[in-house]
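Asks: Before I ask anything, let me first share the structure, which is written out below as C-alpha cells.
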Amino acid sequence: MCVVVVADPVQDTLQTVTLAYPQQLCYCVGVVVSGAYLQSALLRVAVIALFVFLGMMELLDELRKDNYEVIIISDANSEFIRCILQAAGVFDIVHTTYTNPAHWDASGRLHVQYYHTQDWCDLSTRNLCKGQILDTHIKVAQEQRSVKFSHVVYVGDGRNDLCPSLRLKSGDVICPRKGFSLVKDLAKLQEGELKCKVVPWDTGFVLLRHIKELSCS
C-alpha cells in the first residue's frame, strides 16, 4: 500500500482559485465572517478548484482504489478542510486529517486551536511539525494496524513541507508544486540531504502518472 500525503489543501486551493477566478471568490483567510457565509465561500472554492487543476478528477478516481491511503497534514483547520472535502465530494477518500482543531460558537465565529505545541523542529511552525506527524502516522499504522507502506508520496508546496521532505526515504517521492517556495527550498539542499525522488507538478496528470507508476512497482 502507498500512503499519499496532501499538505495544506485549503491554502493551496484558495490561492489558486483567487488567482484564476478573483471575481468569483470574496474570501480571505483570517477575516472573521459568519459561519453561513464562510461555508458558502468554501463550497465555491471546492467546486471551482476541481476545474482549476487539470487532471484532478482523474487523480481522485485513482486514489479511491484500495491500494492507497490518503492523509492530510495541514496548517489550516478542521472546519475549513471538512467544508471543502464535503463540497467537493471527496470526503470518503481521506483516511485521516491532521490539522488545527476548530469549532463554531453560538454567534457563528470560528475558534481555532493549535494541533500541538512543539519546540523541537526549527523548520516547522510552533503549532504543527508535519514531519513528526507523518512519522507517527507511519509508525502507528504498522504497530496498530499491521500496515507497512511500500511508498510515501508527499504533495506540498510551502516552507513547512521541507521538514517531512527531509524525512522521506529512498523509494518515496516528494511532489513540490511548481512556482512555490518548496521547490526553491529543495534546490538549496546539499547533495545527499534528500533521499527521496523529487517530482515537481503543476497538474493532476503529473501526480497521477507517478502515483500509478509507484503502485505498479
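The values are calculated or read from the model by the stated rules, or taken from the named source; none is laboratory data. What you are looking at is a predicted structure, and each value in this text was computed from that prediction instead of being measured. Quick reminder, even Gly has a Cβ in these numbers, built from the backbone with ideal geometry, and neighbours come from all protein chains shown.
Asks: Of everything in region 139-163, what is surrounded by fewer than 19 Cβ atoms within 10 Å (Cβ to Cβ) and in contact with a Phe, Trp or Tyr (Cβ under 6 Å, 6 or more places away or on another chain)? Give them in sequence order.
Replies: None - no residue of region 139-163 is surrounded by fewer than 19 Cβ atoms within 10 Å (Cβ to Cβ) and in contact with a Phe, Trp or Tyr (Cβ under 6 Å, 6 or more places away or on another chain), so the list stays empty.
Asks: Could you tell me whether region 139-150 includes any residue that is part of a helix (DSSP H, G or I) and either within 24 Å of T203 (Cα to Cα) or hydroxyl-bearing (S, T, Y) (or both)? I'd like the intermediate steps shown before the answer.
Replies: Keep residues of region 139-150 that are part of a helix (DSSP H, G or I), which gives 139-145.
Narrowing the set further to residues that are either within 24 Å of T203 (Cα to Cα) or hydroxyl-bearing (S, T, Y) (or both) leaves none.
Looking through region 139-150, none of the residues is part of a helix (DSSP H, G or I) and either within 24 Å of T203 (Cα to Cα) or hydroxyl-bearing (S, T, Y) (or both).
Asks: On to the next question. Out of curiosity, is V183 under 16 Å from the mean Cα position of the chain (by Cα), surrounded by fewer than 20 Cβ atoms within 10 Å (Cβ to Cβ) and either part of a strand (DSSP E or B) or not acidic (D, E) (or both)? Full working, then the answer.
Replies: Numbers: under 16 Å from the mean Cα position of the chain (by Cα): yes; surrounded by fewer than 20 Cβ atoms within 10 Å (Cβ to Cβ): yes; either part of a strand (DSSP E or B) or not acidic (D, E) (or both): yes.
Judged against the criteria, V183 is a match.
Asks: Moving on. Please specify each residue of region 85-114 satisfying the condition of being of a type in the set (D, E) and in contact with a strand residue (DSSP E or B) (Cβ under 7 Å, 6 or more places away or on another chain). Let's see the steps before the verdict.
Replies: Step one: of region 85-114, the residues of a type in the set (D, E) are 92, 105.
Answer for region 85-114, where residues must be of a type in the set (D, E) and in contact with a strand residue (DSSP E or B) (Cβ under 7 Å, 6 or more places away or on another chain): just D105.
Asks: Could you grab me the full set of residues in region 164-180 that are free of Cβ contacts under 8 Å to residues at least 60 places away in the same chain, surrounded by 20 or more Cβ atoms within 10 Å (Cβ to Cβ) and of a type outside the set (A, V, I, L, M)?
Replies: Going residue by residue through region 164-180, those that are free of Cβ contacts under 8 Å to residues at least 60 places away in the same chain are 165-176, 178-180.
Within this subset, residues satisfying the condition of being surrounded by 20 or more Cβ atoms within 10 Å (Cβ to Cβ) are 165, 168, 172-176.
Once the filter is applied, which keeps residues that are free of Cβ contacts under 8 Å to residues at least 60 places away in the same chain, surrounded by 20 or more Cβ atoms within 10 Å (Cβ to Cβ) and of a type outside the set (A, V, I, L, M), region 164-180 yields S165, D172, C175, P176.
Asks: When V3 is evaluated against the numbered criteria (1) β-branched (V, I, T); (2) modelled with pLDDT under 85; (3) out of contact with any Asp or Glu (no Cβ under 6 Å at 6 or more places or on another chain); (4) not in a helix (DSSP H, G or I), which criterion, by number, is the only one it fails?
Replies: Checking V3 against (1) β-branched (V, I, T); (2) modelled with pLDDT under 85; (3) out of contact with any Asp or Glu (no Cβ under 6 Å at 6 or more places or on another chain); (4) not in a helix (DSSP H, G or I), the one that fails is (3).
Asks: Do we have I133 as crowded, with 19+ Cβ neighbours inside 10 Å, assigned to a strand (DSSP E or B) and at pLDDT 95 or above here? Before you say what the answer is, go through the steps one by one.
Replies: Working: crowded, with 19+ Cβ neighbours inside 10 Å: yes; assigned to a strand (DSSP E or B): no; at pLDDT 95 or above: yes.
No, not satisfied.
Asks: Pick from region 186-217 the residues that are in a helix (DSSP H, G or I) and at pLDDT 95 or above: which of them is farthest from M56 (Cα to Cα)?
Replies: Filtering region 186-217 down to residues in a helix (DSSP H, G or I) leaves 186-187, 204-216.
When the remaining residues are screened for being at pLDDT 95 or above, the result is 186-187.
Numbers: L186: 25, A187: 26 Å.
For region 186-217, the residue satisfying everything is A187.
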